[in-house]
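Notes follow once the structure below has been shown.
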Amino acid sequence: MTSPTSSANAVVIVGGGFAGWFAALAIQKRLPHCHVVLIEPRGEFLFQPLLYELLSHELQEWEVAPQYNQLVSNNGICWLQDEVVSIDRSNHTLQTRSGDRIPWKQLVIATGSQPNDFGIPGVKEHSHGFRNLSDVRYLRHRIQDLVHQRQPNAALAIVGAGPTGVELSCKLADLLNGNARIHLIEKGDSILPNSSAFNRERASAALERKDVCLHTNKDVARVEADRVVFSEGEEIQHQGLIWTAGSQANVPSLQPLPKLHRGHLAVNADLRLQDSPDVFAIGDLAINADHPVPANAQVAMQQGEAVGTAIAALQAGEEPPTFEFNDQGEMLSLGIGDATLTGLGITLAGPLAFQLRRAAYLTRMPGLSVGVRSAGAWLLNR
C-alpha cells in the first residue's frame with residue numbers, strides 16, 4: 001500500500017542519525033513548504049559524542065537522546081518510525097518493514113554504519129559495542145557489579161584505540177576507581193592514528209595517569225566469554241569486552257544495484273549517487289573517492305546541511321553545489337571533567353577544554369527547546 005505520510009513530491013530521508021536529521025532540518029529551513037519524511041526505526045535521536053557523559057551521569061538521558069516525537073512536533077517534519085527494507089530507484093519508491101510503499105521526488109540515504117567484527121571468531125557472541133543506549137546500560141551494570149564484587153584481577157578489555165576506545169577507557173578508569181583494570185588493545189602501533197599530535201600526547205598522558213594498560217601491535221585471533229586471544233598465542237582475561245575496532249557501511253537494499261567503493265555508496269562531489277540524479281547518500285555509508293572525508297559526526301552534520309542547499313537548488317531547476325568539508329578540529333573526552341581539543345586556532349586540554357567541548361556540542365543539539373533545557377541544567381549543576 002502507499003503510505004498516507006508521503007506523496008510523489010516528498011523528500012524522503014532514510015536514517016535519522018546526524019546526517020539524516022540535520023538534512024531534514026536543513027531542507028525544512030530552506031524549503032518550508034516541502035513535504036519532508038524522515039524514516040527512522042529508533043524512538044530517539046542519539047547524540048553519540050556525549051554517550052560518555054551519559055555513562056558517567058554527568059548528563060541525563062533526555063539531554064543525550066531526545067525523542068523524535070518531541071523534535072518533530074514544531075518543525076513540520078513527518079517522522080515515520082519504521083525500517084526501510086528495499087529502495088527502487090527506477091520507480092522512485094521504497095518499501096518499509098511494516099508494508100508501506102512510499103514514493104519520493106528526492107531521496108536522501110543516511111543509514112550510517114554498523115560494527116565490523118572482521119570475521120574474528122567470538123566477537124559477535126562475547127563482546128558489546130558503545131554505540132547506543134543499550135550499550136550504556138550494559139556498561140553501567142558491569143561497573144556496578146565490578147565495584148561491589150571487588151574481584152581480584154578483575155578487568156575490562158576494549159579493542160580498538162581510536163577515539164571511541166580511548167575516550168571510553170578514560171571514562172571507565174575514572175568510574176571503576178581501581179576496582180578493575182582497563183586493557184586497551186590496538187592492532188596498530190599507536191593510539192589515535194588520525195588525530196593531531198597534541199591530542200595524541202594528551203590522551204597518552206591521560207591513559208598512563210589512569211593506569212590503563214595499553215597493548216599495541218596486538219592482532220586479535222578470537223574472543224571468548226572470559227578472555228581475548230591474540231594471534232601469537234598470548235591472551236588477556238576479562239570480565240567484559242567492548243569492541244570499538246571498526247565499522248562498515250550500513251548499505252540498504254537498492255535496485256538497480258548502485259556503484260560501490262570499498263563497501264560504501266559511491267557519490268559525486270555534490271553527494272549524489274553517481275548514477276542517480278535524485279538520490280543523495282551522506283554520512284558514514286557514502287564516499288567520494290576523489291575527495292574522501294573522515295567518518296565522524298562533524299562531517300555528517302555538514303553533509304546534512306549541504307543536502308538542504310542541494311535539494312533547494314534542484315527544486316529551483318539548478319545544479320547543486322559541490323560539498324566542501326570545513327574541518328573544525330577534534331575534541332576528545334579524557335575522563336570525568338577532562339578533555340582535549342584542537343581546531344579553529346585553539347589548542348587546549350583539561351577542565352576548561354571539557355567545558356568548551358560540552359558547550360560546543362550543546363550548540364549542535366537538535367531542537368532548540370532541548371538545547372535550552374540542557375543549558376539550564378548544566379548551569380544549575382555547576
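Give me the lysines in straight-line cross-link reach of Lys171: C-alpha distance below 26 Å, same-chain residues under 8 apart excluded.
Partners within reach: Lys124, Lys187, Lys210, Lys218.
Given R₀ = 35 Å, FRET efficiency for Asp226-Asn194 by Cβ-Cβ distance, to 0.05? Could the numbers behind the result be given before it?
Values: r = 32 Å, r/R0 = 0.92.
After rounding, the FRET efficiency stands at 0.60.
Of all GluC sites (Glu not before Pro) in segment 269-325, which ones are in loop regions per DSSP and have a Cβ with at most 10 other Cβ atoms within 10 Å?
Sites meeting the loop and neighbour criteria: Glu318, Glu324.
Could you quote the convex hull projected area for the chain, Cα atoms only and averaged over all directions, in nm²?
Working: hull surface 77.8 nm².
Mean shadow area of the hull around the Cα atoms is 19.5 nm².
Would you list which lysines come within 26 Å of Lys105, measuring only between C-alpha atoms, while excluding same-chain residues fewer than 8 positions from it?
Lys29, Lys259
What's the local net charge at Gly16, with K and R +1, D and E -1, over the other residues with C-beta under 14 Å away?
My count for the surroundings of Gly16 gives -4.
Please report, to two decimal places, log10 I(q)/I(0) for segment 123-246 at q = 0.09, 0.11, 0.15, 0.18 Å⁻¹ as given by the Debye formula with identical point scatterers on the Cα atoms and no solvent.
The computed values of log10 I(q)/I(0) come out as -0.22, -0.34, -0.64, -0.94.
What full-extension length gain, to one decimal in nm, is calculated for Asn91 and Asp145 as 0.36 nm per residue of separation minus the Cα-Cα distance?
Working: separation 54, 0.36 × 54 = 19.44 nm, distance 5.37 nm.
Computed gain between Asn91 and Asp145 is 14.1 nm.
In debye, nearest 20, what is the charge dipole magnitude of the chain about its Cα centre with +1 on Lys and Arg Cβ and -1 on Asp and Glu Cβ, if you could check?
Details: 31 positive and 39 negative charges, 130 e Å.
Roughly 620 debye for the chain.
Residues with amide H under 5 Å of Leu334's amide H, sequence separation 5 or more or different chain, H placed in the peptide plane at 1.01 Å from N; which?
Ala339, Thr340
Do any GluC sites (Glu not before Pro) in segment 213-301 lie in a DSSP loop with no more than 14 other beta carbon atoms within 10 Å, and if so, which? Let's see the in-between values first.
Numbers: sites: Glu224, Glu232, Glu234, Glu235; in loops: Glu224, Glu232, Glu234.
Taking segment 213-301 and a limit of 14 other Cβ atoms within 10 Å, the loop GluC sites (Glu not before Pro) found are Glu232, Glu234.
Every read-out reported here was derived from the displayed coordinates using simple, explicitly stated rules and does not represent laboratory data. Only a predicted model underlies this, so the values are computations on that prediction, with no experimental measurement involved. Reconstructed Cβ throughout: ideal geometry from the backbone, glycine too, with neighbour counts over all protein chains shown.
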